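Undergrad: Here's a structure for you.
The values are calculated or read from the model by the stated rules, or taken from the named source; none is laboratory data. Since this is a predicted model, take the numbers as computed values, not measurements. Because the Cβ atoms are built from the backbone with ideal geometry, glycine has one as well, and the counts that use them run over all protein chains shown. Accessible surface is based on the protein model in full, side chains and every heavy atom, while ligands, DNA and RNA are left aside. Shrake-Rupley method; radii C 1.70, N 1.55, O 1.52, S 1.80 Å.
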Amino acid sequence: MLDSGTICAPATAPGGALAIIRVSGPKALSAVGSLCKGITADTPANTVHFVRLTDGEGSVLDEVLVSVFHAPHSYTGEDAVEISCHGSRYIINKVLEELVRKGCRMARPGEFTERAFLNGKMDLAQAEAVADLIASTNRATHQLAMSQLRGHFSSELTVMREQLLKLTTLLELELDFSDHEDLEFAERSELLALALSTDAHITRLAQTFEAGQALKKGIPVAIVGKTNVGKSTLLNRLLRDDRAIVSDIHGTTRDTIEDVIDLQGISFRFIDTAGIRQTNDKVEQIGINRTYAAIDKAHIILWLIDETPTQAEMSEMQARCADKKLLIVQNKIDLTHIPQAREELLPSSPIIRISAKRGTNLNLLENAIVSAADILTFSAGDVIVTNARHYEALIRAKANLQRVISGLQNQLSGDLIAEDLRIVLSDLSEITGGLITSQETLNNVFSHFCVGK
């Protein structure tokens, strides 16, 4: 499946002061060497050279830095060259044009990383982490991508696969001695214990997917409360922007309004909702129903109040947020005629008292929001699944492993159990690309990369 041709592409976005052009493949050194003196097949690896780059007519295009890498010690595992030139579109296009004339072709999106995978420089999960690393927008998503790129996820999968592979081999060995009916190379109780342990491990990994998606897309935080308590004002204050309409008229917000901000290295997706109240307005009621839907989807609920809620209101909110992190926030503390909410009537967590209009105690609220996200925090060595393809493969592996467990419990023959184990191994291998042969799958993975990577 590996195209052995030489590819080239810009690796930086246009418009900058400098640009990098990458070249990889068997003709990388000769193609670049034909455009400048001093670069040949014998040029030492891992060296940088200052040279003048010329066009086909011998005119100097630019003074550049050329970095040389020899196979297999390069990003792609092939001979590779990186040209650092000035960011002029004319220079970039002219260099690429000359490289094509010398036998190179323009790279497809993600083709450099695809070659790194196919040449064994990284597995497929690590290759996908490269795209996540480029797309990371905060500390949390960067940490997730780096963990996967360093192979933490792949290492866990490798351990599981090696354990299952060992037992699959023992079961298949029994088939070679099928004329000895009482001979067992694999102790069934040991195999069942390992299958149950692996099932629990896969379940744990799959359960991190929701948290991984939240960290990747922004942890959803719903701002809820009665009409006119200052929800839209709070959203605008958090976003440092007039994102939502603010008015003294009750029921101004009739739909959910969302935006993402970064707090202390974590992205939060704030959702301003319609005020909760009894109304005969059909459109407003639709907005209130969407408020309840936002509560269901959120991880953190900011319940904005301006006075002590009734016991009925308290009970309803606790019931709706039973599995959420509920933060009670009293707004409008700048208004002297509004008394403090009575904490003894509310949950044990302290009330956060703010003025959204003036920004008073906003830092306390932001700290509380970050602390409330501790359900999604992780250390550098933890594995969090963020990729839907990985999650789907884990779910398939779990379903097939359930058949193995059922077969062991029902004392099925070793050949049937071994077949189901092979399917589980295939599901786990699909994540890292160990058994992938489908070009369609690879195209789907790498088509989302940027050109030059």
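Undergrad: Which one is surrounded by the fewest Cβ atoms within 10 Å (Cβ to Cβ), of the residues in the range 387-434 that are within 27 Å of Leu144 (Cβ to Cβ) and of a type in the set (Asp, Glu)?
TA: Filtering the range 387-434 for residues that are within 27 Å of Leu144 (Cβ to Cβ) and of a type in the set (Asp, Glu), the one surrounded by the fewest Cβ atoms within 10 Å (Cβ to Cβ) comes out as Glu392.
Undergrad: Moving on to the next point. Go through the residues of the range 34-52 one by one and say whether even a single one is buried (at least 17 other Cβ atoms within 10 Å of the Cβ) and within 24 Å of Cys450 (Cβ to Cβ).
TA: No: zero hits.
Undergrad: If you don't mind, another one. For Leu18, state whether it is exposed (fewer than 13 other Cβ atoms within 10 Å of the Cβ) and at pLDDT 90 or above. Let's see the steps before the verdict.
TA: Numbers: exposed (fewer than 13 other Cβ atoms within 10 Å of the Cβ): yes; at pLDDT 90 or above: yes.
In short, yes.
Undergrad: A follow-up question, please. For residues that are of a type in the set (Gly, Ala, Ser) and at pLDDT below 95, scanning just the range 6-15, find the one that is least open to solvent (accessible area, probe 1.4 Å). Spell out the reasoning first.
TA: The initial filter retains those residues of the range 6-15 that are of a type in the set (Gly, Ala, Ser), namely 9, 11, 13, 15.
Subset that is at pLDDT below 95: 11, 13, 15.
Numbers: Ala11: 45, Ala13: 79, Gly15: 70 Å².
Ranking the candidates gives Ala11 first.
Undergrad: Go through Leu61, Leu2 for me and flag whichever is crowded, with 18+ Cβ neighbours inside 10 Å and at pLDDT below 95. Full working, then the answer.
TA: Values: Leu2 fails: crowded, with 18+ Cβ neighbours inside 10 Å.
That would be Leu61, the only listed residue that is crowded, with 18+ Cβ neighbours inside 10 Å and at pLDDT below 95.
Undergrad: Considering only residues of the range 122-154 that are within 14 Å of His390 (Cβ to Cβ) and of a type in the set (S, T, N, Q), which is farthest from the chain's Cα centre (by Cα)?
TA: Ser154
Undergrad: Continuing with the same structure: Mind counting the residues in the range 315-364 that are more than 13 Å from Ile301 (Cβ to Cβ), of a type outside the set (Asp, Glu) and modelled with pLDDT of 85 or more? Steps first, please.
TA: Just the residues of the range 315-364 that are more than 13 Å from Ile301 (Cβ to Cβ), to begin with: 315, 330-346, 348, 350-351, 353-364.
Checking the rest, the ones that are also of a type outside the set (Asp, Glu) come to 315, 330-333, 335-342, 345-346, 348, 350-351, 353-364.
Within this subset, residues satisfying the condition of being modelled with pLDDT of 85 or more are 330-333, 351, 353-364.
Residues that pass the stated criteria total 17.
Undergrad: Is there any pair with a first residue in the range 69-96 that is within 22 Å of Ala45 (Cα to Cα) and a second that is in a loop (DSSP other than H, G, I, E, B) and of a type in the set (Ser, Thr, Tyr) whose Cβ atoms are under 8 Å apart and which are 6 or more apart or on different chains, and what are they?
TA: Every condition considered, the pairs that remain are Phe69/Tyr75; Ala80/Ser74.
Undergrad: Here's a follow-up. Report, by residue number, each residue of the range 4-50 that is out of contact with any Leu (no Cβ under 8 Å at 6 or more places or on another chain) and free of Cβ contacts under 8 Å to residues at least 40 places away in the same chain.
TA: Residues satisfying the conditions are Ser4, Ala13, Gly33, Lys37, Gly38, Asp42, Pro44, Ala45, Asn46, Thr47.
Undergrad: Within the range 217-230, can one find any residue that is within 30 Å of Arg353 (Cα to Cα), in contact (Cβ under 8 Å) with a residue 24 or more places away in the chain, open to solvent by less than 70 Å² (accessible area, probe 1.4 Å) and in a helix (DSSP H, G or I)?
TA: Narrowing the range 217-230 to residues within 30 Å of Arg353 (Cα to Cα): 217-230.
Filter once more, so that each one left must be in contact (Cβ under 8 Å) with a residue 24 or more places away in the chain: 217-230.
Okay, now just the ones that are also open to solvent by less than 70 Å² (accessible area, probe 1.4 Å), so 218-225, 227-230.
Then keep just the ones that are in a helix (DSSP H, G or I); that gives none.
No; the residues of the range 217-230 include none that is within 30 Å of Arg353 (Cα to Cα), in contact (Cβ under 8 Å) with a residue 24 or more places away in the chain, open to solvent by less than 70 Å² (accessible area, probe 1.4 Å) and in a helix (DSSP H, G or I).
Undergrad: (1) of a type outside the set (Asp, Glu); (2) open to solvent by less than 60 Å² (accessible area, probe 1.4 Å); (3) at pLDDT 90 or above: which one isn't true of Ala195, the others all being true?
TA: With (1) of a type outside the set (Asp, Glu); (2) open to solvent by less than 60 Å² (accessible area, probe 1.4 Å); (3) at pLDDT 90 or above applied to Ala195, the lone miss is (3).
Undergrad: Condition first: under 34 Å from the mean Cα position of the chain (by Cα), among the basic types (Lys, Arg), at pLDDT 75 or above and under 26 Å from Ala399 (Cα atoms). Can you find one or more residues in the range 207-229 that meet it? Working first, answer last.
TA: Initial filter on the range 207-229 (under 34 Å from the mean Cα position of the chain (by Cα)): 207-225.
Adding the requirement that they be among the basic types (Lys, Arg) leaves 216-217.
Then keep just the ones that are at pLDDT 75 or above; that gives 216-217.
If we keep only those that are under 26 Å from Ala399 (Cα atoms) too, we end up with none.
Scanning the range 207-229 turns up no residue that is under 34 Å from the mean Cα position of the chain (by Cα), among the basic types (Lys, Arg), at pLDDT 75 or above and under 26 Å from Ala399 (Cα atoms).
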